[in-house]
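Down below is the structure, laid out as structure tokens.
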């Protein structure tokens with residue numbers, strides 16, 4: 001264990017580095033930092049490491065595993081007191097996925113999300129027809145694709161098929 005004064009820059013850097021190694025349980029090619037759910041990491045004066053995360057959506061079943069993995073990684077980095085806090089404001093948006101995260105999704109055959117729809121502080125407008133956009137195929141780049149299922153392996157992904165190369169692929173939805 002590296003010894004340093006709790007709360008110093010080196011302790012914060014060590015905690016942040018440890019937290020940034022944690023991968024998403026549903027998309028293991030991404031770290032929680034790539035996904036944008038890791039909001040911050042601090043070390044308090046008493047030496048406790050505190051990581052803050054925001055779920056991708058309310059009720060995300062992967063949050064318990066994310067918290068567990070973060071706590072384990074911080075403990076492995078030498079922090080004996082660890083807390084993982086959930087921040088709900090502002091709500092997560094797929095715009096928080098890093099450029100590296102978007103590249104990793106495409107490299108693994110998952111079409112990254114486009115720009116998230118704008119959100120207002122007011123009521124959510126009722127939309128009766130499905131919103132559609134062309135989702136380029138992550139394998140061949142063709143825009144001639146079709147949605148096969150609005151939900152794929154997880155609620156935040158949809159199943160598509162490319163009409164050009166005929167390959168199926170998942171699309172990470174804009175949220």
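Checking the condition closer than 30 Å to residue 170 by Cβ, buried (at least 19 other Cβ atoms within 10 Å of the Cβ), within 16 Å of the chain's Cα centre (by Cα) and without any contact (Cβ under 8 Å) to a residue 40 or more places away in the chain, which residue from 19, 64, 51 passes?
Going through 19, 64, 51 in turn, just one is closer than 30 Å to residue 170 by Cβ, buried (at least 19 other Cβ atoms within 10 Å of the Cβ), within 16 Å of the chain's Cα centre (by Cα) and without any contact (Cβ under 8 Å) to a residue 40 or more places away in the chain: 51.
If you check residue 105 against the conditions, is it surrounded by 20 or more Cβ atoms within 10 Å (Cβ to Cβ) and assigned by TED's automatic domain parsing to the domain that holds residue 20?
no
With the requirement that a residue be loosely packed, with under 15 Cβ neighbours inside 10 Å, in a strand (DSSP E or B) and more than 23 Å from the chain's Cα centre (by Cα), what does the stretch 138-160 give you?
Within the stretch 138-160, 146, 148 meet the criteria.
Any idea which of (1) loosely packed, with under 13 Cβ neighbours inside 10 Å; (2) at pLDDT 90 or above; (3) under 20 Å from residue 94 (Cα atoms) is the one residue 169 doesn't satisfy?
(1)
Going by what's in this entry, would residue 85 be described as loosely packed, with under 14 Cβ neighbours inside 10 Å, touching a strand residue (DSSP E or B) at 6+ places or on another chain (Cβ under 7 Å) and over 21 Å from residue 152 (Cβ atoms)?
yes
The values are calculated or read from the model by the stated rules, or taken from the named source; none is laboratory data. Everything numeric in this text was worked out from a predicted model, so none of it was measured. Please note: Cβ atoms are built from the backbone with ideal geometry, for glycine as well, and neighbour counts cover all protein chains shown.
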